[in-house]
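The values are calculated or read from the model by the stated rules, or taken from the named source; none is laboratory data. Here the structure is a predicted model, which is why all the values come from computation and not from measurement. With ideal geometry, Cβ positions are generated from the backbone for all residues, glycine too; neighbour counts draw on all protein chains shown.
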Amino acid sequence: MDGTEQKQNQLLVFLGDVLRGAAIGVAFIIPGFSGGTVAAILGIYEKLVGAIADLFKHFLKSFLTLLPIAIGMLLGIAALILPIQWGLERFPIPTVSLFVGLALGGLPSVLEKCRGGKPKGGHFAALFFALAVAASLCFLPHAGEVDLFSLNFGGYLLLILVGIVGSCALVVPGISGSMLLLIFGYYNPIVRLVTENLLRGTQVGSCLLVLACLAAGIVVGFFAISILMKYLLKKFPRGTFFAIVGFIVGSVPAVYTSVIRATGEILFQNPWYWVVSAMMLLVGAALALGLYIFSRRTEKSA
């Protein structure tokens, strides 16, 4: 391979990671959906967790690994936060069904990591424990919405703590940081803070202070949970991926529950609404499955 081909391949890898990062960023916006789920489905979960955990140990290598993913995440959030919020407000169940279909259709790529002989009892224990934890989020009561423009010093410290908890959930597949923010009463106020204040140039100082505290918590949580997940993937790889499958499957009812709670969606309305929702679910599953088959064929022909 000459220098030109090598540079072209490096560019393709970079652009591919930007697109994967955009998909992960979009997942952060959907209540109940997990960025870790998307990373696992796209096959970059171990790469992402390892780079975050080793950022201080191998800074340059980790930074270059994370850079295209971070760029993609920012682009995905900036480009799609308004369209997705519009879809969630007007057609919440069909919008979410598309992403649930993408998650379920991408399960074969995660199940590949579970292969390697006959499963043991510990593997099934990890699967069902993770499934139960993810599904139990359906039953957590939601707190009242927080007023982000009247926080005292303790309120800003609590915001950092919320960022830590939310970021831990973002890294773990199947556990949604946005859903936890919704349960804690922070999700809708933060979205409105960005879309109705920051983007319109009103109360910019307060908006930036809130986002800075949240970002500080997210950074701390990201490092902490990434180090833990890297250890688990190294010591118990199959068991960890069995747990990831459980988290993804168990998160499906939690996704719908969180969106219904967030939007006040009325169930069993026009039957065509549910037909469209089922179609969006199938479209999402078909897209993810098609991407998986294409990537497998590409690997075999390489």
Sort through I190, I227, I218, I248 and tell me the only one that's farther than 21 Å from I77 by Cα and either crowded, with 18+ Cβ neighbours inside 10 Å or modelled with pLDDT under 85 (or both). I248
If I filter the range 232-241 for residues that are at pLDDT below 75 and touching a His at 6+ places or on another chain (Cβ under 8 Å), do I get at least one hit? no
Is the range 165-173 home to any residue that is modelled with pLDDT under 85 and either farther than 22 Å from I227 by Cα or of a type in the set (S, T, Y) (or both)? yes
Return the residues of the range 115-130 that are at pLDDT below 90 and buried (at least 18 other Cβ atoms within 10 Å of the Cβ); say none if nothing qualifies. A130
Working carefully through the options R192, R238, find the one that is within 13 Å of F149 (Cα to Cα) and among the charged types (D, E, K, R). R192
Among the candidates V49, V13, V38, single out the residue that is in a helix (DSSP H, G or I), closer than 13 Å to V171 by Cβ, of a type outside the set (D, E, K, R) and modelled with pLDDT under 85. V38
Among the residues of the range 144-166, which ones are more than 19 Å from G205 (Cα to Cα) and among the polar types (S, T, N, Q)? none
Which helices (runs of 4 or more DSSP H) does the range 177-261 wholly contain that include 2 or more residues that are under 14 Å from the mean Cα position of the chain (by Cα)? 177-184, 204-235
